[in-house]
Amino acid sequence: MSAYTTPIDAMFETQRSAIKQSQQATKQAIEFQRNANRMGLSGLKSTESAQRQSVELLESGAQGYLSAVEAMTPGAQADTGQLRRQTDELFGQLKTSHADVFETLTEEAERGVRSYDELAAEYLDAMDEQLEALLDAHADVQSQVLEATEGYEERSSEFQERFEEAMDEGMERAEEFQDRLEEQFETQVEQTEQFQEQLEAQAEQFQAQLDEQARELQA
């Protein structure tokens, strides 16, 4: 390898590494978001379990209070019977409502996770295909530039000007690929940010519904 072709090879290798690093960074960002989605879904299920236990604890406390009144007050059972039935009915409705709300929230969250996974998979497939084509074209340009460089190097100095023109042309084509790489990376970043915004919007909606359910439980 000559003194002319060595820096050209290094330049193309640097560009190729940048393309692959961009691809890997995008995949890692999407995988991170996938994990965040699943953590959010898991957190929603944990919240549902904790709130259900709180409702059951309140029910147990109410029933315990009525039992204590009956034990300490002779004849109170006749008076507390209706109250106990009303308490059972109230907590039954509350638990049913609570289960329905969280079932809806969980279904929506799971649907959101599936939708993101499908979109992410389609995007990654398209990105891999585009970058593979870009790398193939990049390798072709490298071969052409090196071939032209080696051919001109073997000739006498009278072809120096033509050699420099070929070098300039090769550099211009390499810069064009660099521009395409930067544009592709910016597009990937924008699409990743859009995925993030969609997730945040879903999370805000879920949180608002959880807050509303919490207020209903407190009421």
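May I have the pair-distance distribution P(r) for region 34-110, computed from all Cα-Cα distances with 10 Å bins from 0 and rounded to whole percent?
Calculated over all Cα pairs of region 34-110, the distribution is 17, 35, 22, 15, 9, 2, 0 percent.
Less than 16 Å from a label point 7 Å out along the Cα-to-Cβ axis of Ala62: which backbone N atoms in region 99-125 qualify, by residue?
Correct set: 99.
If region 65-149 were replaced by its equivalent ellipsoid, with semi-axes equal to the square roots of 5 times the Cα gyration tensor eigenvalues, what would those be, largest first, whole Å?
The three semi-axes for region 65-149 are 75, 11, 4 Å.
Calculate one ³J(HN,Hα) per residue across region 82-98 by plugging θ = phi - 60° into the Karplus curve 6.51 cos²θ - 1.76 cosθ + 1.60, and present them in order as whole Hz with x for glycine and proline.
Calculated HN-Hα couplings, in order: 5, 5, 5, 5, 5, 5, 4, 5, 4, 5, x, 5, 5, 5, 5, 4, 4 Hz.
Based on the Kirkwood radius over alpha-carbon pairs, what value in µm²/s does the Stokes-Einstein equation return for the translational diffusion coefficient of region 1-133 at 10 °C and 1.306 mPa s?
77 µm²/s
Read-outs: derived from the displayed coordinates by stated rules, not from any lab. All figures in this text were calculated on a predicted structure; none of them were measured in a lab. Heads up, the Cβs are rebuilt from the backbone with ideal geometry, glycines too, and the neighbour counts pull from every protein chain shown.
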